[in-house]
There are 2 protein chains.
Amino acid sequence: MQQKKIQLPEDEMIRQWYNVLPDIPNGIAPPLDPETMQPMGPEKLAPIFPVGLLEQEMSDQRWIDIPTEVQEILRIWRPAPLVRAENLERALGTKAKIFFKNEGVSPSGSHKTNSAVAQAYYNQREGVKRLATETGAGQWGSALSFATSKFGLECMVYMVRVSFDQKPYRKVMMNTYGAAITPSPSDITATGRAVLARDPDTPGSLGIAISEALEDASSRDDTKYALGSVLNHVCLHQTIIGLEAKKQLAMIGETPDVIIGCCGGGSNFAGLATPFLPDKLEGKPIRFVGVEPASCPTMTKGVYGYDFCDVARRTPLLYMYTLGHNFTPPGIHAGGLRYHGMAPIISAMLREGLMEAVSLHQLECFEAGTLFARTEGIIPAPESCHAVRAAIIEATIDKNEPKTILFNLSGHGLLDLSSYEKFSAGELHDYDLPAEAIAAATRDLPKV
Amino acid sequence: MQQKKIQLPEDEMIRQWYNVLPDIPNGIAPPLDPETMQPMGPEKLAPIFPVGLLEQEMSDQRWIDIPTEVQEILRIWRPAPLVRAENLERALGTKAKIFFKNEGVSPSGSHKTNSAVAQAYYNQREGVKRLATETGAGQWGSALSFATSKFGLECMVYMVRVSFDQKPYRKVMMNTYGAAITPSPSDITATGRAVLARDPDTPGSLGIAISEALEDASSRDDTKYALGSVLNHVCLHQTIIGLEAKKQLAMIGETPDVIIGCCGGGSNFAGLATPFLPDKLEGKPIRFVGVEPASCPTMTKGVYGYDFCDVARRTPLLYMYTLGHNFTPPGIHAGGLRYHGMAPIISAMLREGLMEAVSLHQLECFEAGTLFARTEGIIPAPESCHAVRAAIIEATIDKNEPKTILFNLSGHGLLDLSSYEKFSAGELHDYDLPAEAIAAATRDLPKV
């Protein structure tokens, strides 16, 4: 019998993150100060983020040591298995080999934990006592709740109210790890109170939640802010996924032809793909495919330019693909993919022609996730269903082509089963954004 | 750094189950026919169970080959990791080493999948097209739903109505795997209709659900019945847990001093412990500890004798510890431990003095589960929290005693988070059964 799960021995754990910044042709444009619209140095961000993370955000070093204290915790679930989806292959009748990294094995059930542990560590090392963050679907809030509990930090999560109400188990998970959670908008912050005064029944939004968490962190000396995607240091922490996958594929003599990941802010895809970029730049024919929802087509229909990360225009401006910071995507069930921007690292790779972007509709993705569950046993998170669907497309364009596909199963869907319920009940619909909606949303990009 | 997860290579997968029956001193009394109260041969059970499973139920062979088709599916998640709970050890300040088998890595999230795959296989091999079963908390129904989907069988799950309503995600999981589910009592069976006519608002019970599933299986030629615990063949299928653990402990030169598992019907504990019974019988000082809830104290306060497995007195009578088939345990949140009887294998081992039984209250178990989540990352199923709590007790009686503890983390609690919510909100209470309640429940044991 051929091997199904490729396990990297624990003593071969990855000990250095790969920083892709020095390898991106033409580099990445610097963030801009939201007040002056001028390039922004790390000193301006120090009240919000610890120095250790800011150094990583702008580092030109290719390899950055993973602190022992971080490794100690990562090895609770890492190295994560690389799995051959042979049951799926058989069901598809394809000659393609399909491999996936199973990031659902992490304590909180997604790749987010990789960065959460690192972020909690650097904050604790610099004397921070408390972290404030926002969460939409809940994966990031859960991951940070776990990580802060390991480092004895307090954690305050502002969770978009509609998700807070729809996914009660996420709140319980965060509470069980010891974090405090409030639906956002809350009456804790001035931002939240102002929104509630205007609209007491608002479902909330990620933009509001980010503003609340930032206000919380700015108003307390013991507290800093944490973000779960988009930023360079978050993508850096996720490279452990791709670095492990490289070693695991090498163990069985495989090299990938196509590497696939879903893209919300971009960190899980960056984590899997970027460690293979040097090979690609050396001429190896590896295709990178980022998958986004058709209802939030940042890469396929957005514009490339400077934009804010939040609605309240409090964050630095990043140079990225964006649908505009005022863009509100339709309520598709892959909450983690409903973000108007895209990681500058991914945006630059896309602009340089180093990767492809595809957009998919949610029904075909849930259908793919259901097939995956019945064949490989794992029920994927709605976000990860997008990667599964793209892998199936790649494997069936020509079923006789013996290519090797690698995708990231960024998380399991056990806390998202209500969306599968709506899917099987026929209550979900596909959305295509009209061109006018995109034009309107991107019309008011900041002038810089 | 010391190894945290002991991974058994896939090519060392267990290929034979261990049948403990020939090693139980004085053996096990035969089941009795519910109509004649006489010992019952396999031929009487053939309408309900496939021959392959009936042979295993009464086999005197110590080793039984695991069919290749079953291994193929088990290796989706097996070998399951043996994990050193070093973070928990540190939090307790104990010199004891605590190891656990993580059965939560299975597709449906618990050890139940081990037997579900085998049962689906033998049914399919004998031409069965459809399985009917009951489920309480939902772990067994989920496991069988996955297993039947792998073998192309239909699956009909009768889920106790109160759980069906409280745990909507369980239903979605089973649907996603392709199974049909109905709350029980249902209007599909005569049993269900009769109960509903009497009491339209009944919350249902495992006894009713078993009767419905049996009626379903008996009334259709294409359908057989499947049970998720108690029976010898189910305990047999679970021995893969203990057999893997033995190999894994040997890889690091460890032998267990204490082996712990929670006991509802008894199969996960039997699966972990019985493969170590030959060592114990040879004189190795290994203690076996079965853990049950104080509110359903079958082993610690039940009587030993013949009893039915269901309320409707349709099943064969098994010789076991029982609280009486009419016993209705208080509604504690570890639904998988609310069963009046105990596997005959476990019952015989207890009577022979080969194991110990302890009963624990639910609050201390949820507290232990919360500590486990914050230290080891995994939120245990409420049932498994009982094993965690017992392991903590063993590790802290004398913190300076360097013993080796092995327990079974039978499943994760991600679909049971509502009970953690009630726990953290202070809404759960402990129950001690008054002696009169037990006396009353066991008074009407069948006369044989």
Listed residues A:LYS97, A:LYS399, A:LYS171, most fluctuating in chain A (Gaussian network, C-alpha, under 10 Å): A:LYS399
Estimated Rh, chain A: Kirkwood, alpha-carbon pairs, angstrom: 21.7
A:ARG220/A:ARG15 FRET efficiency (R0 30 Å; Cβ-Cβ; nearest 0.05): 0.30
Cut-off under 5 Å, modelled amide H: who pairs with A:LEU8 long-range: A:LEU82
Hz values of 3J(HN,Hα) by residue in segment A:233-240 - Karplus curve (6.51, -1.76, 1.60), Gly and Pro given as x: 5, 6, 4, 4, 4, 7, 5, 4
Shortest-first nm distances, A:ARG198 label point to equivalent points in other copies (7 Å, Cα→Cβ): 6.0
Shielded by partner chains, segment A:173-211 residues - at least 10 Å² of accessible area, 1.4 Å probe, vs chain alone: A:MET173, A:ASN175, A:THR176, A:TYR177, A:GLY178
Relative contact order %, chain A, counting alpha carbon pairs below 8 Å whose residues are six or more apart: 19
Fluctuation leader among B:ALA209, B:ALA137, B:ALA91 - chain B, Gaussian network, Cα springs under 10 angstrom: B:ALA91
Distances in nm from B:ARG90 to the matching label points in the other copies, shortest first (labels 7 Å along Cα to Cβ): 4.3
Inter-chain Cβ neighbour average for residues A:142-151, partner chain, 10 Å: 1
Cα Rg, Dmax, segment B:238-313, angstrom units: 14.9, 50
For chain B, built as a Gaussian network whose Cα springs stay under 10 Å, the top-fluctuating residue of B:GLU282, B:GLU254, B:GLU57: B:GLU282
Estimated translational D of segment B:75-230 in µm²/s (Stokes, Kirkwood radius over Cα pairs; 10 °C; 1.306 mPa s): 96
Degrees separating the helix A:112-125 axis from the principal Cα axis of chain A, which is the longest one: 40
Using alpha carbons only: equivalent-ellipsoid semi-axes of segment B:88-175, gyration tensor based, whole Å: 31, 18, 9
Range of Cα positions in segment B:1-152 per principal axis (Å), largest first: 60, 41, 33
Rounded accessible area of B:PHE366 (nearest 10 Å², 1.4 Å probe): 10
Reduced Cα scattering model of the protein assembly as shown, Debye log10 I(q)/I(0), q = 0.04, 0.08, 0.09 Å⁻¹: -0.18, -0.71, -0.89
Using θ = phi - 60° and Karplus 6.51 cos²θ - 1.76 cosθ + 1.60, couplings along segment B:80-88 (whole Hz; Gly, Pro as x): 7, x, 9, 10, 8, 7, 5, 5, 5
Spin-label pair A:ASP430/B:TYR304, simplified geometry with 7 Å Cα→Cβ offset, distance in nm: 6.5
Reciprocal mean inverse distance between Cα atoms of segment B:166-324 - Kirkwood radius, Å: 18.5
Mean shadow area of segment B:22-84, taken as a quarter of the surface of its Cα convex hull (nm²): 7.2
Using a 7 Å Cα-to-Cβ projection, A:ALA180 label spacings across copies, nm, ascending: 5.1
Computed Kirkwood radius, in angstrom, where 1/r is averaged over Cα pairs of segment A:359-442: 14.1
Semi-axis lengths (Å, descending) of the ellipsoid that matches the C-alpha gyration tensor of segment A:1-52: 40, 16, 10
Within the accessible area of chain A (1.4 Å probe), percent carbon and sulfur: 51
Length-normalised contact order of segment B:173-248 in % [C-alpha pairs under 8 Å, at least 6 apart]: 18
Neighbour-limited loop hits for GluC sites (Glu not before Pro), segment B:346-448 (at most 15 other Cβ within 10 Å; DSSP other than H, G, I, E, B): B:GLU352, B:GLU427
Convex hull (Cα only) mean projected area of segment B:175-266, reported in nm² to one decimal: 9.2
Karplus (6.51, -1.76, 1.60) ³J(HN,Hα), θ = phi - 60°, over segment A:433-444, in Hz, Gly and Pro reported as x: 6, x, 4, 5, 5, 5, 4, 5, 5, 8, 5, 9
nm² value of the averaged projected area, convex hull over the Cα atoms of segment B:284-404: 8.6
Alpha-carbon centroids, segment A:21-66 and segment A:209-278: separation in whole Å: 15
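The values are calculated or read from the model by the stated rules, or taken from the named source; none is laboratory data. Worth saying up front: this structure is predicted, and the values here are computed from it rather than measured. So basically every Cβ, Gly included, is an ideal-geometry build from the backbone, and we count neighbours across all protein chains shown. The protein model used for the area step is the full one, side chains on, heavy atoms only, and it has no ligands, DNA or RNA in it. Shrake-Rupley method; radii C 1.70, N 1.55, O 1.52, S 1.80 Å.
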